[in-house]
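See below for the structure under consideration.
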Amino acid sequence: YRIRRRIFRELLTPHHMQMQIINATIMVLILSASFSCNRGQPADLILLNGKIITVDSDFSIAEAVAITNDRITAVGTNRMIKRYSGSESRVIDLEGKTVIPGIIESHLHPAGAAYSELDEEIPDVRTIDELLGWIKDQAAVKKKGEWIIHPKFFSTRLKELRQPSLEELDNVAPDHPVFLNGSYAGMINSEAIKRSSISPGQPGIILDENSGLPSGFIKASAFRLLNTPPRRELTSRERIDALQAMLKRYNRYGITSIFSASGSYESLEIFRSMHDRGILTTRVFQNISLPLRGEVTREKVDAVLEGYRKVTGYGDEWLRIGQLKVLLDGGILTGTAYLREPWGERAATYFGIDDPDYRGILNYTHEDLEKIVTAATELGWSFTAHSTGGGGVDILLDVFEQVNQSHPVKEKRFSIIHGNFFTAESIRRMKELGVYANMQPAWFEKDADAMKYILGEERISTFHPYRSMLDGGVMVNGGSDHMVKWDANTAINPYNPFVAMWTVITRTTERGTVINPSEAITREEALRMYTINNAWASFEESVKGSIEPGKLADMVILSDDFLSCPVDNIREIESIMTILGGNIVYESGL
């Protein structure tokens, strides 16, 4: 009815030409016939007496929704939707509860997360004492010489905002090698140095400025020097069982679609086998990583891409190939993100940086990226890159602009993963090129305080500027970068989307500070980030991301009213029921 009313309003305007009137009239007749036909087929599932936040173009609110097979049949009033009820229909009385479209998560690593705690729980350490206590406990139960490894540790998230010292690590584990893995940098103790035969002259080893000996802080380039034990090989059954359980955890928070952030065609086949067995409980948009190292030539790029079987968008409504992805720089929590300016004095002390002009690391030059992006565009790929620093953002936009001169990129929906630091100029360029920002609000919640301390007031003003980006016409998308730990709230990168939405709405950090409140956005805008915006990012806005007739029946019944509850209650919201393609994949009880 809403669609027909809009068409009739348009028909009344005098500037429409005759052909537009004819086309609109035909559309009204088609829609009317469709509604009549649908009323003859009872719905499989009906939700009544609710607050249905449709996230359609008008952000309209309805009372009820009807679902037939895997599609939304109708959305409207209770009276209207009751007409779709039949003897076999399941009818749920929502009793005023809120329903939203299924959450679409734009960036996580489901496989790594699924396997991360199969053998033992990864500690959630918040202070130096908690960290040292965990290491001491590990040393008490492990055999002498066994490695103690934290697979994803960032000292910037400790209350003290400092690295543990070599001496502190040695005191609690004198007979065990310790490795605190921070992805792009890490920390080891003396026993790890000894057992790995590490010497001061080796690459990636940060030296103590007084003694000239290894300080314990190492860059990612030195990880290969560590004599750590090989990872336990999982059976195919173990992998699938773990992944199935992880997807179920996502369902608990209303997640019905995921962007698997990096992987291969083999990754997609695992999801395909799960779908064939009827145990896949999210839709998947699988990014494909480009494993190029060393010198980058166009011939090398072509050789790799020509071996790839399909490109972005190939697949069906369950599984699609995502974007082609490269890793451009490092990370903000290890001083390896590529910034617009040198990291500065505090970062030098914190991360052991001895070059005053150091801006971070780059894995590809402008020329390298130009070859990659041009080849990808010619073959039909949508392209993205991990870039955690503003300098990386600028390089990517330079390359996109250059490629755009001969191969238009706007319809390709390129993106920047993370980005973090966006100036007014980078926002303007993104809008012109149609580049969207794949953001992780949990990084703001957990890391804004540390970034403010290390980088200062001026540079923190460009950190996660959601209001400026939306006002500047940039599509902003919400994800978590979930990598390790199973719990939605204590994971190293928490995947609870409602905590993330609370963060962008309040600009409040984990430490309780409010940073740059003028960059806060509304509840409606936050919800769009995790629904229709992410559907757009995967070229699927016509089939999901909102609750509208004809779209996939992916939706979530919430434990609280997202639009009207006290703002701090938003972070406590969970799913009462998660519906995927008309089937209930999670239910805690209405």
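The values are calculated or read from the model by the stated rules, or taken from the named source; none is laboratory data. All values derive from a computational prediction rather than experimental measurement. Don't worry about glycine lacking a Cβ; one is built from the backbone with ideal geometry, like all the others, and counts go over all protein chains shown. Only protein heavy atoms, including side chains, enter the accessible area calculation; ligands, DNA and RNA are left aside. Shrake-Rupley method; radii C 1.70, N 1.55, O 1.52, S 1.80 Å.
Here the Karplus relation 6.51 cos²θ - 1.76 cosθ + 1.60, evaluated at θ = phi - 60°, turns the backbone of the stretch 193-207 into coupling constants of 4, 5, 6, 9, 6, 7, 10, x, x, 7, x, x, 9, 8, 9 Hz, with x for every Gly and Pro. Sequentially through the stretch 86-101, phi angles give Karplus couplings (6.51, -1.76, 1.60; θ = phi - 60°) of x, 5, 9, 6, 8, 10, 10, 8, 6, 6, x, 5, 8, 10, 10, x Hz, Gly and Pro residues having no value and appearing as x. Dipole size of the stretch 445-521 about its Cα centre, with +1 on Lys/Arg Cβ and -1 on Asp/Glu Cβ: approximately 40 debye, rounded to the nearest 20. Taking trypsin sites (Lys or Arg not before Pro) across the stretch 472-578, the ones in a DSSP loop with at most 15 further Cβ atoms lying within 10 angstrom of their Cβ are Arg511. On the chain, 50 percent of the accessible area sits on carbon and sulfur atoms, based on a 1.4 Å probe. Look at the Cα gyration tensor of the stretch 406-560: its axes a ≥ b ≥ c give a/c of at least 1.5 with a/b at or below b/c, and that counts as oblate. Relative to the longest principal axis of the Cα atoms of the chain, helix 390-404 runs at roughly 50 degrees. Rounded if a/c is under 1.5, else prolate if a/b beats b/c, else oblate: with a ≥ b ≥ c from the C-alpha gyration tensor eigenvalues square-rooted, which is the stretch 241-391? Because a/c hits 1.5 or more and a/b fails to exceed b/c, the stretch 241-391 counts as oblate. A Stokes-Einstein calculation at 4 °C with viscosity 1.567 mPa s, built on the Kirkwood radius of the chain over Cα pairs, returns a diffusion coefficient of 51 µm²/s. Assuming charge only on the beta carbon of Lys and Arg (+1) and of Asp and Glu (-1), the dipole of the stretch 433-489 about its Cα centre is about 80 debye to the nearest 20. Expressed as a whole percent, the proportion of Cα-Cα pairs in the stretch 116-247 lying more than 19 Å apart is 51%.
Could you give the angle, 0 to 90 degrees to the nearest 10, between helix 424-433's Cα long axis and the longest principal axis of the Cα atoms of the chain? Long axis of 424-433 versus the principal axis of the chain: about 50 degrees.
Restriction of the GluC sites (Glu not before Pro) in the stretch 453-559 to DSSP coil positions whose beta-carbon has at most 16 other beta-carbons within 10 angstrom yields Glu541. Between the helical axis of 128-141 and the longest alpha-carbon principal axis of the chain there is an angle of about 80 degrees.
Taking GluC sites (Glu not before Pro) across the stretch 244-298, the ones in a DSSP loop with at most 11 further Cβ atoms lying within 10 angstrom of their Cβ are Glu295. Backbone geometry of the stretch 293-299 corresponds, through the Karplus equation with coefficients 6.51, -1.76 and 1.60 at θ = phi - 60°, to 3J(HN,Hα) couplings of 10, x, 5, 9, 10, 5, 5 Hz, x marking Gly and Pro. Close amide H pairs (under 5 Å, H built 1.01 Å from N) link Val178 with Ile148, Asn189, Glu191, Ala192, residues at least 5 positions away or on another chain. Mean separation of Cα pairs under 8 Å and 6 or more residues apart, divided by the residue count, gives the chain a relative contact order of 17 percent.
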